[in-house]
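Taking it in order: structure first as structure tokens, then the write-up.
We did not get these values from a lab; they are worked out from the coordinates using the rules stated. Since this is a predicted model, take the numbers as computed values, not measurements. Don't worry about glycine lacking a Cβ; one is built from the backbone with ideal geometry, like all the others, and counts go over all protein chains shown.
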């Protein structure tokens, strides 16, 4: 099993952090994982991608992901060109982006838990909660991943990730 | 970040699984090696290595002097001076930074001082490009340095620790190469552990209080003899690398042989993209092609024995060129092998499993002599 996922987000929203949180959670579950940022300069507000690979075997390839099975969309205004089998989208309304879609209002959850940076809602925690649910990664692994990656700053993120894990809905 | 995680577990020799980029894995290895002096100037994509080390020093996890300098030339000069006085030393750079410190790379090798440098390999301008290829690290070929090239973050971690050991054993500086971004910024599962590295030792030390001058102007054969001794000792460092391989991760010594035993067709490569090449080799094997990979873990000392032993058709895939030929293509040909040669991935051009399948199939079907995969 090799699962490849592309995350579409805007610089500053936390897409790279999300990839890293999910990769860590997958590792804690006993799997192998890669979290890959978009290479090169990243700019706040510009569309950026992050990539995620998860496998039950060591992952050898490290080239870019061209045909992901899953996509994750942090901002629904980003234009997509994908035929992924499943997707997770930050949207208050049901917005189908793949055969199997999970949606949640991650921005609202982040705002509710006070997750801001420079006035922007940082949605890595709630989106990670939703991705973990979609990938059937138990919440305890995500919780441990958040604690490892964020340390003392983890509290609000843990609450937001937990709420997202519980409310995310399928279409 | 990850502070308690990194310090628990491995102190007693057990292995701990963590998610690290190759940059972070190298910083972890350096922390365990406990250098006394680190000097560096930031450059993409190396910067996270020395940023992480600076954080470790600030938090007290690592007791070392971090010397901030105005250029890479000075970074290597600081390392040179500190090593002369007997300090365990480390620096890291990439691309233009390596070019800028090039003169001092000769000084430290010629002075026979142990030192470790990480090189996150990146294209050199012009035109301007921050992405990965091997055109920078191959610059070191003639300096007398040991040059390793890792494939994974695990190997970057293990090789960095081995670098301190080998360098101090043979009195030759050691460069550890990792690919820009595909390794330097890609987080993956690494098992960190704490191998024993002996106390710093080196051929000679000169302290500020000593009335002694090093590297005076030479006359007659002294310079030539020094150069000869370095070349011989660099050759002999292969034995130390092979012998200590089992203590530092068991990666195969100078080379890794992948599905080579019954191979009629052999691909020779180095660096992180060998992982994609291995996946492609599995695909072609599934289609009945007898193909394997000789992965060069070291560019210096060059694995001449393993290359000379190759049988069948040989293709070298290069990420750095000299003229129209790739650098490894030239190196392999110098061993008496008539190798085909592909140059690819310059400036970070993405080369994935599908690309390797295409290249390898063309090779097996006799359609490649020398080409650039554009």
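Where only DSSP H runs of four or more residues are counted, chain B gives -11000 deg cm²/dmol as its mean residue ellipticity at 222 nm, each run worth -39500 (n - 2.57). Ordering B:225, B:278, B:319 from the fewest to the most neighbouring beta carbons within 10 Å gives B:225, B:278, B:319.
One way to sum up the overall shape of segment A:83-160 is the equivalent ellipsoid from its Cα gyration tensor, whose semi-axes run 23, 16, 8 Å, largest first.
Distance from the Cα centroid of segment B:68-85 to that of segment A:10-73 is 37 Å (rounded to whole angstrom).
When a/c reaches 1.5 or more, the comparison of a/b and b/c decides; with that in mind, is the protein assembly as shown rounded, prolate or oblate per its Cα gyration tensor? It comes out oblate by the Cα gyration axes.
Decide, for segment B:50-127, between rounded, prolate and oblate: order the square roots of the alpha carbon gyration tensor eigenvalues as a ≥ b ≥ c, take rounded if a/c falls under 1.5, and otherwise choose prolate if a/b is larger than b/c, else oblate. The shape class here is oblate.
Tell me, rounded to the nearest percent, the portion of alpha carbon pairs in segment B:255-372 spaced more than 17 Å apart. Roughly 49 percent, once rounded to a whole number. Plainly put, segment B:3-248 has a radius of gyration that is 0.96 times its Kirkwood radius, both from alpha-carbon atoms, as the Rg/Rh ratio.
Ordering A:43, B:211 by the number of other Cβ atoms within 10 Å of each residue's own Cβ, fewest first, gives B:211, A:43.
Across peptide A:54-66, the average count of Cβ atoms from other chains found within 10 Å of a residue's Cβ is 6. In the elastic network of chain B, a GNM with C-alpha springs shorter than 10 Å, the most mobile of B:22, B:333, B:184 is B:333. Peptide A:30-40 has a mean of 5 when you count, residue by residue, the C-beta atoms of other protein chains within 10 Å of its C-beta. Highest mobility in the GNM of chain B, judged by mean-square fluctuation with C-alpha springs under 10 Å and restricted to B:265, B:204, B:41, is found for B:204. With an a/c value under 1.5 for the gyration tensor axes a ≥ b ≥ c computed over the alpha-carbon atoms, segment A:2-170 is described as rounded. Arranged from fewest to most other beta-carbon atoms within 10 Å of their beta carbon, A:105, B:210, B:323 become B:323, B:210, A:105.
With 0.36 nm allotted per residue and the present C-alpha distance subtracted, the residue B:216-residue B:68 stretch has 50.5 nm of extension available.
Highest mean first, the peptides B:126-136, A:55-65 sorted by other C-beta atoms within 10 Å per residue fall in the order B:126-136, A:55-65.
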